[in-house]
Amino acid sequence: MILRFKTFVKNNSLFSKADRILLAVSGGIDSVVMADLFYKTGFRFGIAHCNFGLRSKESDLDEEFTRKLAAEYKVPFYTERFDTKAYSALKKISVQMAARELRYLWFEGIRSTLKFDFISTAHHLDDQAETFMINLLRGTGISGLHGILPIQGFVVRPMLFAYRTEIINYAVENRIRYREDSSNLEEKYLRNKIRLKIIPQLEELNPEFKRTLTSEITILREWEKIGRKEIQRKISRLIKKHKGRMIVDLQTLKNTSHPELYAWEILSAYGFNASIISGILEHSAESSGRTFLSSSHRGVINRESLIIEPLAVQKDEPCSMISAKTKRVSKPLGLKLSLVDYGKNDLIPAEREFASLDYNKLTFPLEIRKWKPGDSFYPFGMKGKKKVSDLLIDQKVSLPDKENTFVLCSSGKIAWVIGRRIDQRFRITSKTIKILRIKLD
C-alpha cells in the first residue's frame with residue numbers, strides 16, 4: 001500500500017517532498033489512512049478538520065479525535081466550526097452542498113494564508129464509481145463522466161489508486177483507529193443510496209463492476225482529451241466576445257454536425273442545463289428577444305445569435321448631471337465634451353458615437369439617464385415624433401443593448417439617444433453660433 005501510494009503520487013506528479021500539504025481529515029477511515037501514509041512516507045503535512053455541527057456530540061468527538069491524531073504525528077492542526085444549516089438556508093442549497101462550499105473555502109483560506117502548496121482529500125476508487133453514477137443521473141456530459149481527477153488546481157487526491165476494501169485492510173493490518181460517521185448509513189443522501197443500494201445490485205451482475213468502471217473511466221478520460229481539442233477548435237469559430245458578453249453564432253452552430261454536442265460544451269459552462277439548451281436550439285428567427293436564464297447567466301436570442309451575459313443585480317441607475325463647464329463624464333457611461341465655434345464650412349461628424357448640438361438651444365444642467373418606455377423625441381433626418389423604443393427596434397438593437405441605452409436630456413427633452421441619433425430640435429442650423437460636441441468614449 002505504501003509503495004503504491006508513493007508510485008501514484010510520482011506518476012501523477014501530485015507533489016514532492018519539498019511541498020507542504022494540507023490534509024482534509026474528517027476522522028473517518030479514508031482520511032485517517034491517508035494521514036498515516038503521508039506520515040510513513042515522510043511527506044510534510046498539516047491536518048485540517050471541519051466541524052459542521054450536524055451530528056452534535058458525534059461531531060465534537062470527531063474534532064477531538066483528529067486533534068489528538070495531529071498531536072501524535074506532531075503536525076500543525078487547524079479546525080473550524082460552521083453553522084452549516086444556516087449557511088444552507090442563506091444560500092438556498094442543500095446541507096451537503098453547503099458543507100462542501102464551506103469546507104473548500106476554508107481549506108483554500110488556510111492554504112493561501114499559511115503557505116501550504118496543496119490541499120489533499122482522501123477520495124478513493126469507490127468514490128470514483130459513486131461520483132460517476134451521480135453525474136450520470138444528473139446529466140453532466142462527458143466532463144462529468146471522466147471521474148474524479150487526481151489533481152485539480154491546488155487540490156490533490158493521492159488515494160485514487162485504492163479501493164475502500166484495500167483501505168479497510170490496511171487499517172486493520174496496521175491497527176489504525178478511526179471514527180465511524182453514522183450519517184454514512186442514511187439512505188436519504190443520494191451518494192449513500194448509490195453506495196448502499198445501486199452499486200451492490202450492479203455487482204450482482206458483474207462482481208468486478210468497480211474495477212470495470214474504473215477502467216472505462218480511464219478510457220473515457222483519454223477520449224475526452226482527444227475530443228476536447230477538436231471541439232475547442234470548432235467552438236472558437238462559433239463564439240466571440242464583445243463588450244463583456246459572449247456572442248454565439250446560432251445559425252452556424254445549428255448547421256454543424258452534432259449541434260447538441262457543441263451547444264452543450266458552450267452553454268453548460270454558463271450554467272444552462274440540457275432542457276434549456278434544447279430550447280435555445282429550437283428557436284426561430286421570429287423569437288428574437290426571447291430570454292433563457294441559468295442560475296448565473298442570461299441568454300438572449302438576437303436574430304441568429306445568442307447573447308450571453310452574467311445576471312446583473314437589478315437596481316435603479318442614478319442620473320448624471322452635466323454642467324456647462326463639464327469636459328468629461330465617466331458614469332453611467334464615458335463621454336467627452338467640447339464647446340467649439342461653428343463655421344459654416346465646418347464638417348459635422350456623422351458617426352453615431354458623435355453628437356453635435358446647438359449650444360444655445362440647450363438648457364443646463366443636462367441630464368443623462370436610461371431611456372424609459374414611453375420616451376419619444378424628434379429624430380434628426382426624420383419627420384415627426386418617434387418613440388425611442390421604435391427607433392431601437394428599427395435599428396435592430398439587441399435586448400441587452402436596449403437595456404443599456406441612455407438618453408441625454410435638456411429640460412426634460414431628449415437631445416440625443418446616445419450612440420443612436422440626435423433630436424431634430426437641437427440640430428445645427430445656419431443660425432448656430434456655438435456647438436457642443438460630444439463623443440461617446
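For region 51-140, averaging the sequence separation of C-alpha pairs within contact (under 8 Å, six or more residues apart) and dividing by the residue count gives a relative contact order of 18 percent. Computed with every protein chain present, the accessible area of LYS85 is close to 130 Å² [probe 1.4 Å].
Taken over region 325-380, the convex hull of the Cα atoms encloses 130 Å³ per residue. Could you tell me what percent of the accessible area of the chain is made up of carbon and sulfur, with a 1.4 Å probe and every protein chain present? Within the chain, the accessible surface is 53 percent carbon and sulfur. Compared with the rule-of-thumb size 2.2 N^0.38 Å for a compact globular protein, region 249-302 has a Cα radius of gyration ratio of 1.05.
Between region 84-127 and region 349-393, the C-alpha centres lie 53 angstrom from each other. Ellipticity at 222 nm from helices only: DSSP H runs of n ≥ 4 in the chain, each -39500 (n - 2.57), divided by the residue count, give -11500 deg cm²/dmol. Sparse packing (at most 14 other Cβ atoms within 10 Å of the Cβ) combined with a DSSP loop state is found for the following GluC sites (Glu not before Pro) in region 183-278: GLU186, GLU187, GLU208. So which lysines can LYS210 reach, going by Cα to Cα under 17 Å and dropping same-chain residues fewer than 8 places off? The qualifying lysines are LYS193, LYS197. Note on region 167-266: semi-axes of the ellipsoid equivalent to its C-alpha gyration tensor, largest first and rounded to whole Å, are 44, 18, 16. Give me the tail of P(r) for the chain as a percent: Cα-Cα pairs with distance above 44 Å. Taking all Cα-Cα pairs of the chain, the fraction more than 44 Å apart is 38 percent. Globularity index of region 151-211 is 1.37 (Cα radius of gyration / 2.2 N^0.38 Å, N = number of residues). Protein heavy-atom accessible surface, 1.4 Å probe, per residue over the chain: 55 Å². Straight-line cross-link partners of LYS413 among the aspartates and glutamates, defined as a Cα under 13 Å from its Cα and at least 8 positions apart when in the same chain: GLU367, ASP375, ASP423.
Straight-line cross-link reach from LYS254 at under 18 Å between alpha-carbon atoms covers these aspartates and glutamates, not counting any fewer than eight positions away in the same chain: GLU230, GLU265, GLU282, GLU286, GLU304. Past the 30 Å Cα-Cα mark, which pairs from LYS40/LYS225; LYS40/LYS91; LYS6/LYS225; LYS336/LYS387; LYS240/LYS370? Correct reply: LYS40/LYS225; LYS40/LYS91. From zero outward in steps of 10 Å, how is the percent of C-alpha pairs of region 284-441 spread across the bins? In order of increasing distance, the bins hold 10, 36, 33, 16, 6, 0 percent.
Across q = 0.23 Å⁻¹, region 1-59 modelled as identical point scatterers on its alpha-carbon atoms has Debye log10 I(q)/I(0) values of -0.95, in the order of the q list. Near the amide H of ASN302, within less than 5 Å, lie the amide hydrogens of GLY289, ILE307, all on another chain or at least 5 residues away, with H placed in the peptide plane. Magnitude of the charge dipole for the chain, about its Cα centre and with charges confined to Cβ atoms of Lys, Arg (+1) and Asp, Glu (-1), is about 2280 debye. Remark on LEU23: its backbone amide H falls under 5 Å from those of GLY46, ILE47, ALA48, SER120, a criterion applied only to residues 5 or more positions apart or on other chains, H modelled at 1.01 Å from N. In angstrom, the C-alpha Rg and Dmax of region 42-138 are 15.2, 43. Loop-located trypsin sites (Lys or Arg not before Pro) in region 218-319 (DSSP state other than H, G, I, E, B) with a sparse environment of at most 12 neighbouring Cβ atoms within 10 Å: LYS243, LYS315.
By the Cα gyration tensor, region 375-441 has an equivalent ellipsoid whose semi-axes, rounded to whole angstrom, run 22, 14, 10 from largest to smallest.
For region 90-157, the extents of the C-alpha atoms along the principal axes are 38, 32, 19 Å, listed from largest to smallest.
When the alpha carbon coordinates of region 29-97 are projected onto the principal axes, the ranges are 42, 21, 20 Å, largest first.
The values are calculated or read from the model by the stated rules, or taken from the named source; none is laboratory data. As the structure is a prediction and not an experimental result, all values here were calculated from the model. Using ideal geometry, Cβ is built from the backbone for each residue, glycine included, and neighbour counts are taken over all protein chains shown. Heavy atoms of the whole protein, side chains included, go into the accessibility calculation; ligands, DNA and RNA do not. Shrake-Rupley method; radii C 1.70, N 1.55, O 1.52, S 1.80 Å.
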